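Report on the following structure.
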Amino acid sequence: MDAVKQNSFAWDKKVESEAVYTKAVSKEVIEKSKAGEWEITVTTGKPVPRSWFPQSLTGLKVLCLASGGGQQGPVLAAAGADVTVVDISKKQLEQDEFVAKRDGLNINTLQCSMTDLSAFMDGEFDLIIHPVSNLFVEDISQVWKEASRVLKDKGTLISGFTNPLLFIFDDEEDMRGNLVVKNKIPTSSLDNLTDEEKEEFYQSDLTIEFGHTLEDQIQGQIDAGLVISGLYEDDFGGRRPLDTYIKCFVATKAVKIKL
């Protein structure tokens, strides 16, 4: 099964059902962003520190990577950035296009995988915003390589990703409030399924998710020519049992350094 095709379809369905990460920002948020009062998230709820951004975004070329949904891209465009949003979901990109039309913003959109940015030239962007999304890709090394390639020298990549600890637990039991260890890392939502169950999965609107090691998440960026210069953690805001014990999301700031 093509994970890109399955996940593109699943995210289109999430937009139709108005899932939380598909809801576009309000007109009021955009007005505040135009006035210089803006913030974005790349994890669940904790805003990215303003110190991670240049003092002014005016004219900055920004790539919002796997970041459709009408959230990060419109805010940064309203703050003055030249924004391009890429996503595998057509309907997620339509959310950005909706906000752009509603609020008079200039946002470019492109439907493609985060692992293939061949539509862009080397060194095209000053900043990449990459919210939690690489769990939908089996091999994330290509995500980091492509991000590094399209970044300018000393450009910045701000990424959110999942602590693999989250994926070791049985998801259904977790939703019931029970922490039951079941999976190895790396893992996939297709692991432990019979052929019949996989066939049912492929016919559903569920996303295929992959649990990556922290080494792949952090050292992978370093191997791609990026230097980690900032890190913070976030959680589900008390909605999941693990919040009592550990924060399950990580955000990093990485800078491209030519050697």
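The values are calculated or read from the model by the stated rules, or taken from the named source; none is laboratory data. These numbers come from a predicted model, not from an experiment. Note that each Cβ is placed from the backbone with ideal geometry, even for glycine, and that neighbours are counted across all protein chains shown. We work out accessible area using only protein heavy atoms, side chains counted, and drop any ligands, DNA or RNA first. Shrake-Rupley method; radii C 1.70, N 1.55, O 1.52, S 1.80 Å.
In angstrom, the C-alpha Rg and Dmax of segment 1-114 are 13.7, 46. Length gained on full extension, L110 to I168: 17.5 nm, using 0.36 nm per residue less the C-alpha separation.
Select from L105, Q95, T162 the residue farthest towards the positive end of the dipole of the chain; place +1 on Cβ of Lys and Arg, -1 on Cβ of Asp and Glu, and compute about the Cα centre. Highest projection toward the positive end goes to L105.
Using the alpha carbons alone, the radius of gyration of segment 46-97 stands to its Kirkwood radius in an Rg to Rh ratio of 0.99. Rounded to the nearest 0.05, what FRET efficiency do V180 and D223 give with R0 = 45 Å and r taken as the Cβ-Cβ distance? Could you check? Once rounded, the FRET efficiency stands at 0.85.
Across all directions, the shadow cast by the convex hull of segment 116-197 built on its C-alpha atoms averages 7.3 square nanometres. This model, with +1 at the C-beta of Lys and Arg and -1 at the C-beta of Asp and Glu, gives the chain a dipole about its Cα centre of some 1180 debye.
Rank C248, G237, Q221 by how far each Cα sits towards the positive end of the charge dipole of segment 208-257 (+1 on Lys, Arg Cβ; -1 on Asp, Glu Cβ) and give me just the farthest. Toward the positive end, the furthest listed residue is G237. Derived from the Cα gyration tensor, the three semi-axes of the equivalent ellipsoid of the chain are 29, 21, 19 Å, largest first.
Over all Cα atoms in segment 1-52, the spread is summed up by Rg and Dmax: 15.0, 46 Å.
Ligands, DNA and RNA are left out, and with a 1.4 angstrom probe the accessible area of the chain is 49 Å² per residue. If I compute solvent accessible area with a 1.4 Å probe over the protein chains, what percent of it on segment 128-259 is carbon and sulfur? Carbon with sulfur: 49 percent of the solvent-accessible area.
Sequence neighbours fewer than 8 away in the same chain don't count; with that in mind, list the lysines whose C-alpha is under 16 Å from K253. Output for K253: K46, K145, K152, K154.
Think of segment 141-220 as having a plus end and a minus end, set by charges on the Cβ of Lys, Arg, Asp and Glu; of V143, S204, L179, V143 sits farthest toward the positive end of this dipole.
For segment 130-259, the fraction of C-alpha pairs more than 19 angstrom apart is 54%.
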